[in-house]
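Student: Questions regarding the structure given below will be posed in turn.
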């Protein structure tokens, strides 16, 4: 069974600070996705990374896929209250079973004004 | 934009009632999923379907069944609701035609069983 560990579980910071959250596994994934979920809503896809070592930027968010495709990180620069939410990573196992993702339990981020 | 809709945002049912949760997607996706999300446990896959009338059990199928009669619609059925099925239920869809299977989620149904 593939597992994804996310850290930290909870993060509370002030507006303007930088932060990094991590998604780690002992398994290799063919791709990895990051989602943000606001309270009472469904997760919204932010980005998909596919290639080992890949870096993708989405405004103030930077996503990195590890060289071995076992881990990923999300860095937020100058966090804003609108970044508050649950950040989930999800890995696709590959080998014809890409449709069944493995989800981490998430990092709950609170950005205080 | 992919749109996944769920029939209800909030639902309150009594123990023993039969409950239907409906999900509709408008992007002609082959794959559809039902998850439940509970604090500390994350998202857990209940059932998924990769084609019309096809279904496979996920990690926690007990107490649930599903139906997929049309490509765009995937229903989750609680045959006899119990209090331990109080949860947030999320539907998602994805395309098998893409190289990566990005899942798109609906807004969720918060179900309370009393």
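No lab work stands behind these numbers, since they all come straight from the coordinates. This structure is a prediction, so every number in the text was calculated from the model and none was measured. Here Cβ is always computed from backbone atoms with ideal geometry, including for glycine, and neighbour counts include all displayed protein chains.
Student: Within 10 Å of each Cβ of B:38-48, how many other protein chain Cβ atoms are there on average?
Tutor: Other-chain Cβ atoms within 10 Å of each residue's Cβ, averaged: 3.
Student: Enter the Cα centre distance for the pair the stretch B:47-114 and the stretch A:1-42, rounded to the nearest angstrom.
Tutor: If we compute the Cα centre of each part, the gap is 23 Å.
Student: Across peptide A:38-49, what mean number of C-beta atoms from other chains lies inside 10 Å of a residue's C-beta?
Tutor: Mean partner shielding for this stretch: 4.
Student: What number, in percent, do you get for the relative contact order of chain B if the mean sequence gap of Cα pairs under 8 Å and at least 6 apart is divided by its residue count?
Tutor: That works out to 36 percent.
Student: In chain B, how does Rg compare with the Kirkwood Rh, expressed as the Rg/Rh ratio over alpha carbon atoms?
Tutor: Here Rg/Rh amounts to 0.95.
Student: So, R0 is 22 Å and r is the distance between the beta-carbons of residue A:9 and residue A:75; what FRET efficiency does that work out to, to 0.05?
Tutor: Given R0 = 22 Å and the Cβ-Cβ separation, E is 0.80.
Student: Among A:27-33, B:24-30, A:101-107, how do they line up by average Cβ neighbours within 10 Å per residue, starting with the highest?
Tutor: Ranking the peptides A:27-33, B:24-30, A:101-107 by packing returns A:101-107, A:27-33, B:24-30.
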